[in-house]
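Report on the following structure.
The values are calculated or read from the model by the stated rules, or taken from the named source; none is laboratory data. Source: prediction; values computed, not measured. Please note: Cβ atoms are built from the backbone with ideal geometry, for glycine as well, and neighbour counts cover all protein chains shown. The area values use the complete protein model at the heavy-atom level, side chains included, leaving out ligands, DNA and RNA. Shrake-Rupley method; radii C 1.70, N 1.55, O 1.52, S 1.80 Å.
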Amino acid sequence: MTNPRPTPDPLTIVSFALLGVLAVLLVIPLVTGGPPPSPYLIAGLLLVRLGVQFLRSRRDERLRKPASWAFDLLLIGLIFYVAGNQPG
């Protein structure tokens, strides 16, 4: 008899849901030609996802990857930089 597949924990589901929301927010303007979402909204969602990643890493030693966190922080910093330099 085979073992059933393990189900993802709630924090993993939240992380994937945040990625899904980000994907939808970024793809809809490309498809419809509408205005892009606020960079602050995107950066805020990425910050929330970074917090979820931190909580996940406290439970699972394998998830402590400083390189992926550094990439997320760099991306968030670039978004805030671009948002801060937009006219208007």
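Would you be able to say whether some residue in the range 56-67 is without any contact (Cβ under 8 Å) to a residue 24 or more places away in the chain, out of contact with any Pro (no Cβ under 6 Å at 6 or more places or on another chain) and hydroxyl-bearing (Ser, Thr, Tyr)? Checked the range 56-67: at least one residue is without any contact (Cβ under 8 Å) to a residue 24 or more places away in the chain, out of contact with any Pro (no Cβ under 6 Å at 6 or more places or on another chain) and hydroxyl-bearing (Ser, Thr, Tyr). Name the single residue that is modelled with the lowest pLDDT among those in the range 3-24 being over 18 Å from Leu73 (Cα atoms), aliphatic (A, V, I, L, M) and surrounded by 11 or more Cβ atoms within 10 Å (Cβ to Cβ). By that ranking, first place goes to Leu11.
In the range 1-27, the residues that are small (Gly, Ala, Ser) form Cβ pairs under 9 Å with partners that are in a helix (DSSP H, G or I) and surrounded by 13 or more Cβ atoms within 10 Å (Cβ to Cβ), at six or more places apart or across chains, as follows: Ser15/Arg49; Ser15/Val52; Ser15/Gln53; Ser15/Arg56. With respect to the stated conditions, Ala83 is at pLDDT below 80 and open to solvent by less than 50 Å² (accessible area, probe 1.4 Å).
Which of the residues belonging to the range 25-76 are basic (Lys, Arg) and either under 15 Å from Leu11 (Cβ atoms) or surrounded by 14 or more Cβ atoms within 10 Å (Cβ to Cβ) (or both)? Before you say what the answer is, go through the steps one by one.
The initial filter retains those residues of the range 25-76 that are basic (Lys, Arg), namely 49, 56, 58-59, 62, 64-65.
Result: Arg49, Arg56, Arg58, Arg59, Arg62, Arg64.
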